[in-house]
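I have placed the structure first, in the form of C-alpha cells, so that the comments after it can refer back to it.
The values are calculated or read from the model by the stated rules, or taken from the named source; none is laboratory data. Remember, predicted model here, so these are calculated numbers, not experimental data. All Cβ positions, even for glycine, are placed from backbone atoms using ideal geometry, and neighbour counts span all protein chains on display.
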Amino acid sequence: MKLLAIDGNSIVNRAFFGIRHLSASDGTPTNAIYGFLAILQKLIAEEKPDALCVTFDLPAPTFRHEKYKEYKAHRKGMPEELAVQLPILKEVLDAMNIVSYELAGWEADDLLGTLSKVCEKDGWECIIVTGDKDTLQLVTDKTSVKHIKTKGGQTETNKYTPAVFMEEYGFEPELIVDLKALMGDSSDNIPGVAGVGEKTAMELVRNYGRITEIYRNLDELDIKDNLRSKLSAGKENAELSYDLAEIRTNAPFDFNPNDSICTEADNDKLYELFKRLRFVSFIDKYKLRAPNSAVASTNINPDIEIIDVISPEQCNLLINDARNIECIAINFDVEFFDNFAVSLDDKGKIFIIQRGVTVDFDKVIKQLFSSEVKKIGHNIKDIIRACLERKINTEGWIFDTALAAYLISPTDNSYAIAGISGIYCDYTPNAGDEENGQISMLTDSRKQLAEETFALILLKTALDNKLKEMELDKLFNEIEMPLCRVLAEMEYDGFLVDRDALEKFGALLTKRISGLEEEIYDNAHEKFNINSPKQLGIILFEKLLLPAPKKTKTGYSTNIEVLDSLAGKHPIIELIKEYRELSKLKSTYADGLIKVIGKGGRIHTHFQMTVTATGRLSSTEPNLQNIPVRKEIGGELRKMFVAGEGNVLVDADYSQIELRLLAHIANDPVMLSAFENGEDIHTVTASQVFDVPLAEVTSLHRFRAKAVNFGIVYGISAFSLANDTGVTPKEAKAYIESYLAKYSGVREYMTEIVKSAKELGYVSTLFGRRRYLPELKSHNFNTRSFGERVALNMPIQGTAADIMKIAMNNVWKRLRSEGLKAKLILQVHDELIVECPESEAVTVSTLLREEMENAAKLSVPLVAETRAGKSWFDAK
C-alpha cells in the first residue's frame with residue numbers, strides 16, 4: 001500500500017508564486033488553489049496512491065520558537081492574497097474527502113516525519129511531496145521524498161530515494177540534519193557555525209559524519225586550524241541548529257494510514273466550490289455534475305431520453321420538426337463525423353443519427369446543416385471547417401456556446417461544455433454510469449454526447465441573457481459569429497508553401513549550424529555538448545574563466561540573460577547565441593513547417609478564437625503569427641509562402657493602428673493633429689519630447705521616440721525603456737515625463753482608465769469587449785502594477801482586434817458579393833493576406849484598403865497600406 005503525504009504549505013506557496021494571478025468572479029484570488037490542484041492531479045496520475053493526506057502549518061509559534069526566539073524571524077508574513085486562499089483550499093480538500101492534518105505547536109514537517117514512521121511500521125510505502133528539502137532527512141527504503149519546483153506554471157519533480165540522495169550529496173539522508181547544523185539555514189534563520197558555508201559543511205559531513213563525531217574528534221581532524229577554531233567557537237550554535245533542523249517523528253496526533261484511503265469526492269460540495277471559483281476545467285476533469293437540488297430548482301429535467309433515428313420516415317419527421325422551430329442544438333465529434341446528437345427543445349429528448357445505422361445518413365446530415373435549419377453549436381468555426389473538408393455546405397448557425405462563454409469571461413482556462421453548463425445553468429453532462437462493475441464505453445459515449453447536446457439548449461438561453469445583460473450581444477452577433485465562417489474558410493483554403501525552397505533553407509541552416517559547432521569547439525579548445533547547460537557552464541566559467549553567475553547544485557546558468565551579460569568578453573558568446581537561434585529556427589520552421597504541409601502543398605493553420613483576453617486571434621499547428629518580423633531570417637521564411645500558379649498575394653497592413661486608437665480614445669490634440677495632417681507620428685513625438693524643430697529631428701531621436709510611443713501604450717517603466725533605447729534609466733524617465741507633459745490627453749487617459757477600471761472592475765473596448773481586472777485589488781505591488789498596465793493597454797489592443805475582425809468580415813462579404821475568385825487566407829496581427837488571380841490584384845488591393853480603412857469611424861483616419869507579390873516576402 002502506498003501513501004502520498006503532501007506538505008500543504010510548501011506546495012501551495014510554490015503554486016502561488018509560480019502561477020499567474022487568477023481570481024474568482026468576486027475578485028477572490030485563486031491561483032494558489034488552482035496550482036495546488038493541478039500539481040495534485042499530476043501527482044496522483046504519476047504515483048497512483050492508495051491513500052492521500054495533506055499536512056499544514058498553523059500560524060501559532062512552535063516548540064522551536066520557544067527554544068530559539070529568532071527561529072524564522074526573517075521570514076516575511078504570508079501575502080494576504082495567499083492567506084485568503086488557504087481556508088478555501090482546505091474546504092476543497094474536505095469536499096474531495098482528502099484528510100488534512102495540522103497541530104498547534106508543531107510544524108507540518110514534524111507531522112510528515114511522524115506519519116512516515118507509522119507507515120514504515122505498518123508496512124506502507126510513504127511518498128512525501130514538498131517544495132523544501134528539509135524532509136530529505138526522512139528518506140529511507142520505505143519513505144521517499146518527491147521534491148517539487150514550480151516556475152511559470154510548469155512543474156518539475158525530483159524523487160529522492162536513498163540511492164538518489166547518496167549520489168547527489170555523498171552521505172546518508174539522515175545526515176542532512178548535521179549539514180544544516182554546520183552551515184545553518186538562512187530561510188529558517190538557523191544560525192549554524194559562523195564562517196562555515198555549504199561547501200565546507202558538505203566536506204565535513206562527507207569525511208567525518210555526524211557533528212557528534214566531528215566534535216568528539218575535533219583535535220584529530222585533518223582540517224585547517226582556522227576551521228578548527230570556527231568549529232570550536234560555534235559548538236553551542238551547532239548543537240542548537242541540529243535541534244532546530246531535526247524533524248521530529250513523535251508528534252502527538254493520531255495517525256492511521258487507513259484513514260487516508262482515497263475515496264470519491266463529495267460531488268455536490270466540490271461542484272459548488274469549483275463553480276464559485278470558476279474552475280471550469282476542473283469541473284470537467286473531475287466529471288462533476290450539478291447537484292440534484294440545483295437542477296430541480298431550475299425546473300430542468302435531468303432525465304435524458306435517447307432516440308435512435310433509423311428509418312427514412314424518422315429522418316423526414318426530424319428534418320420537418322427542425323425546420324419549423326426557432327433553433328436546434330447539434331453536437332458531434334468534428335474529427336470522426338459519425339455520431340450526431342440533435343436536441344429540438346429542453347424536454348430531454350435527444351435524437352441520435354449514426355453513420356452505418358441511420359438510413360440516408362449523408363442526406364439527413366446535409367439537410368440539418370442547411371440554412372433552413374437554425375442551429376446552436378459549440379466551437380462552430382471547427383464545425384464549419386469539418387463540413388468544408390467533406391464538401392458539405394453549412395449555413396444557419398446562430399449561436400456558439402463556447403464563443404458566448406468566452407466573451408462573458410475571457411480569462412477562463414477552459415470553455416468545455418461540461419464546465420460552462422455547470423457555471424451558467426446548473427446542469428453538468430454525465431460522464432457515464434457503471435454497469436456490473438465496469439464502464440460501458442458505448443453507453444458512456446452516447447449518454448455523454450446526448451447530455452452535452454441537452455446542455456447546449458440550456459446554455460443558449462442562459463448565455464444569451466448574460467450577453468444582453470453585459471451589453472455584449474452586438475459584439476457577439478455582428479462580429480464574432482460571422483467570423484466563424486470566415487476563419488473556417490481561411491483554415492480550409494490554407495497557404496501554399498514552396499517545399500523545395502523550405503528544404504533548401506533547412507539544408508543551409510544545417511550547414512551553418514555545423515560550421516558554428518566547429519567554431520565553438522575551436523574557441524573552447526575541445527568538443528562538448530553545446531546543448532548541455534552543465535557542460536557549457538564548465539567551458540565558459542571554469543575553462544575560459546569568464547565572469548560566472550552564482551553556481552547552483554545543478555551547475556551554472558547559461559540562459560540568454562547570462563550570455564547577454566557576457567557580450568564582448570569572448571568570441572564564443574556570439575557564436576553560441578547564433579547557434580541557439582539557428583537551431584531553434586531549424587526545428588521550429590524549416591523542419592516544423594515541412595511536417596505540417598498538407599495535400600496540395602498548403603499549410604492549414606488553426607485560428608483560436610477563445611484564447612487571448614484582448615480578443616486577438618491566435619494561430620496554432622503551426623503558429624504563423626510568430627514568424628520573426630524584423631530579422632532577416634523572417635524575410636527568408638516569408639519567401640517560402642507563395643501564391644498558386646497564376647495567382648498573386650495581396651498584403652494589407654494597418655499603419656500604426658494602436659497609436660491612432662490611442663489618439664482617438666485619449667482625444668489628445670497633439671496626436672490628433674499629427675494623424676489628421678498625415679505627419680510621421682514618431683517624428684512629431686521626437687520633436688515634442690526632445691524639444692527640437694521637426695526639421696532637426698535625427699534618426700536617433702526618432703528611434704527613441706518610437707520606443708516611447710509604443711511603450712507608453714503598455715505602461716512601460718523607465719528601466720524597460722532604458723533597455724530598449726540604450727540610455728540610462730534616468731534619461732528614460734525624463735523621456736516619459738516629457739512625453740506625458742506634452743501629450744496631456746494621453747496623461748489624462750492613463751489616469752482615468754486605471755481609476756475607472758478600479759471602480760468598475762473591468763475595462764472595455766470601443767465595441768464593448770470586456771476584460772475583468774481583479775489584479776487591481778491586489779495588495780501585491782507587482783500584481784497590481786500588472787493590472788494597471790493591462791487597464792492601459794487592453795482598450796487599445798482589444799479595439800484594434802475588434803476592428804480587424806470587422807474588416808475581415810467585410811472583406812469576405814465584398815469578395816463574395818463582387819464574384820471575385822480571391823480568397824482571404826491569413827491574418828497576422830494588423831495584417832491581412834488575400835490570394836487572388838493576377839487579373840484581380842488591383843481590384844483586391846482597392847477593396848482591402850477600402851474595407852480596412854472604413855471598418856470603424858474614428859476621429860483620426862485609419863490607414864491601410866497594400867502591396868502585391870508572388871510571395872509573402874514580395875507582398876509585405
Within the stretch 698-707, does at least one residue satisfy the condition of being closer than 22 Å to E788 by Cβ, outside the structural domain of A800 (by TED's automatic domain parsing) and either within 37 Å of the chain's Cα centre (by Cα) or without any contact (Cβ under 8 Å) to a residue 24 or more places away in the chain (or both)?
yes
Look at I576 and say whether it is out of contact with any helix residue (DSSP H, G or I) (no Cβ under 6 Å at 6 or more places or on another chain), touching a residue at least 40 places away in the same chain (Cβ under 8 Å) and closer than 30 Å to I530 by Cβ.
yes
Kindly provide the set of residues from the stretch 757-797 that are part of a helix (DSSP H, G or I), in contact with a strand residue (DSSP E or B) (Cβ under 7 Å, 6 or more places away or on another chain) and within 21 Å of E658 (Cα to Cα), ordered by number.
A757, V790, A791, M794, P795
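Residue-by-condition table, conditions (1) more than 30 Å from F282 (Cβ to Cβ); (2) modelled with pLDDT of 95 or more; (3) in the same structural domain as F255 (by TED's automatic domain parsing); (4) more than 34 Å from the chain's Cα centre (by Cα):
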residue: G77; (1), (2), (3), (4): no, no, yes, no
residue: L86; (1), (2), (3), (4): no, no, yes, no
residue: L93; (1), (2), (3), (4): no, yes, yes, no
residue: A104; (1), (2), (3), (4): yes, no, yes, yes
residue: L112; (1), (2), (3), (4): no, yes, yes, no
Please go through the stretch 604-628 and pick out each residue that is assigned to a loop (DSSP other than H, G, I, E, B), in contact with a strand residue (DSSP E or B) (Cβ under 9 Å, 6 or more places away or on another chain) and over 30 Å from P774 (Cα atoms).
H604, T605, E621, P622, L624, I627
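Residue-by-condition table, conditions (1) hydrophobic (A, V, I, L, M, F, W, C); (2) touching a strand residue (DSSP E or B) at 6+ places or on another chain (Cβ under 6 Å); (3) more than 26 Å from L138 (Cα to Cα):
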residue: P49; (1), (2), (3): no, yes, no
residue: L52; (1), (2), (3): yes, yes, no
residue: K69; (1), (2), (3): no, no, no
residue: R75; (1), (2), (3): no, no, no
residue: P79; (1), (2), (3): no, no, yes
residue: L89; (1), (2), (3): yes, no, yes
residue: G105; (1), (2), (3): no, no, no
residue: D109; (1), (2), (3): no, no, no
residue: G113; (1), (2), (3): no, no, no
L459 passes all but one of the listed conditions (1) of a type outside the set (G, A, S); (2) free of Cβ contacts under 8 Å to residues at least 12 places away in the same chain; (3) crowded, with 21+ Cβ neighbours inside 10 Å; the exception is number (2)
Need the failing condition index for L776 against (1) surrounded by fewer than 15 Cβ atoms within 10 Å (Cβ to Cβ); (2) touching a helix residue (DSSP H, G or I) at 6+ places or on another chain (Cβ under 7 Å), just the number.
(1)
Considering every residue within the stretch 325-332, establish whether at least one is hydrophobic (A, V, I, L, M, F, W, C), touching a Ser or Thr at 6+ places or on another chain (Cβ under 9 Å) and assigned to a helix (DSSP H, G or I).
no
Consider only pairs whose beta carbons are under 9 Å apart and that are at least six residues apart or on different chains; among these, list those whose first residue lies in the stretch 840-853 and is farther than 15 Å from K823 by Cα and surrounded by 21 or more Cβ atoms within 10 Å (Cβ to Cβ) and whose second residue is of a type in the set (F, W, Y) and at pLDDT 95 or above.
M852/Y654
Step by step: first the residues of the stretch 779-797, then only those that are modelled with pLDDT under 90 and among the hydrophobic types (A, V, I, L, M, F, W, C), then the one that is surrounded by the fewest Cβ atoms within 10 Å (Cβ to Cβ). Which residue is that?
F781
Listed residues E731, E676; which is surrounded by fewer than 19 Cβ atoms within 10 Å (Cβ to Cβ), among the charged types (D, E, K, R) and at pLDDT 90 or above?
E676
Residues of the stretch 200-215 being more than 13 Å from L231 (Cα to Cα) and surrounded by fewer than 16 Cβ atoms within 10 Å (Cβ to Cβ), in sequence order, are E203, R206, N207, G209
From L540, L585, grab the single residue that is of a type outside the set (F, W, Y), within 30 Å of G494 (Cβ to Cβ) and in contact (Cβ under 8 Å) with a residue 24 or more places away in the chain.
L585
Report yes if T130 is in contact (Cβ under 8 Å) with a residue 24 or more places away in the chain, touching a Ser or Thr at 6+ places or on another chain (Cβ under 7 Å) and hydroxyl-bearing (S, T, Y), otherwise no.
yes
